[in-house]
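Okay, so here's the structure we're looking at.
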Amino acid sequence: MLPEPTSQSSEELFQRGLNYLEHKQYQQSIKLIQAAMEQEKAEGGANKGTSMRHLSFLGLALVLSNGRSEEGLKLCEQATKRDFFDADIFCNLGIALLRNRQKGPAFEAFRKGLALMPRHRRILEELSRVERRESRAFRGLSRNHFLNYYFGILRHRLRLLFNRVPNLNE
């Protein structure tokens, strides 16, 4: 059940929403972030940065809740266009883009976030999770061509095999 808007400040509601988001309880997170945005309006409206931050996290929660990816992605994009000095906002956009299978734009969002804050923990964690593809074995053929597919598997297995063998020269 949602608390009365006047019982807590917008920042308290927002922090509770972030806590739910962190614990993957997306619906509760969405409700609390929306309540924080309403409370912020009732309090007289905070600065642009705060509301864009709220908008960005609301977008991320919508994307992660599996069902409103387009709407959430648009909110994250809108937040980065209006407040482009917050690494968290770029991180949220990158995560939203990854969930929508847009790796290139996601890496660009992460790059912009790292330019603002080079040791941003969440961005670095997301980048470490994302696999980077190797180049094709046969560049003249498409990535999906059966030769590239099977040689890629073979190359990967050989690397795993040779990385397990202890180095006898040490």
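Taking the square roots of five times each eigenvalue of the Cα gyration tensor of the chain, the equivalent ellipsoid has semi-axes of 41, 17, 15 Å, listed largest first. This model, with +1 at the C-beta of Lys and Arg and -1 at the C-beta of Asp and Glu, gives the chain a dipole about its Cα centre of some 1220 debye. Here the peptides 7-14, 117-124, 88-95 are ranked by packing, the mean other Cβ count within 10 Å, and the order with the highest first is 88-95, 7-14, 117-124. Rounded to 0.05, the FRET efficiency of the L160 and R82 pair, given R0 = 30 Å and the Cβ-Cβ distance, is 0.05. To the nearest 10 degrees, how steeply does helix 26-42 sit against the main Cα axis of the chain, on a 0 to 90 scale? The answer is roughly 40 degrees.
Ranking F84, L127, F57 by Cα position along the charge dipole of the chain, where only Lys, Arg, Asp and Glu carry charges on their C-beta atoms, puts L127 farthest toward the positive end. Of the peptides 106-116, 137-147, 28-38, the ranking by mean beta-carbon count within 10 Å, highest at the top, reads 28-38, 106-116, 137-147.
Using Stokes-Einstein with the Kirkwood hydrodynamic radius over Cα pairs, what translational diffusion coefficient do you get for segment 112-153 at 4 °C and a viscosity of 1.567 mPa s, in µm²/s rounded to a whole number? Kindly include the intermediate steps, with their values, before the conclusion.
Numbers: Rh = 12.6 Å.
Calculated translational D: 103 µm²/s.
Net charge near N66: determine it from the other residues with C-beta under 13 Å of the C-beta of N66, scoring Lys and Arg +1 and Asp and Glu -1. Can you show the working numbers first?
Values: positive: K24, R68, R99; negative: E70, E71.
Counting the neighbours of N66, the net charge comes to +1.
Of the peptides 20-27, 53-60, the order by per-residue mean of other Cβ atoms within 10 Å, starting with the highest, comes out as 53-60, 20-27. In this structure, the residue pairs whose Cα-Cα separation is over 27 Å, taken from K24/K103; K31/K112; K31/K103; K41/K103, are K31/K112; K31/K103; K41/K103.
Coordinate-derived values only; no laboratory data. Model, not experiment: these values are computed from the prediction. Note that we place each Cβ from the backbone using ideal geometry, even for glycine, and neighbour counts take in every protein chain shown.
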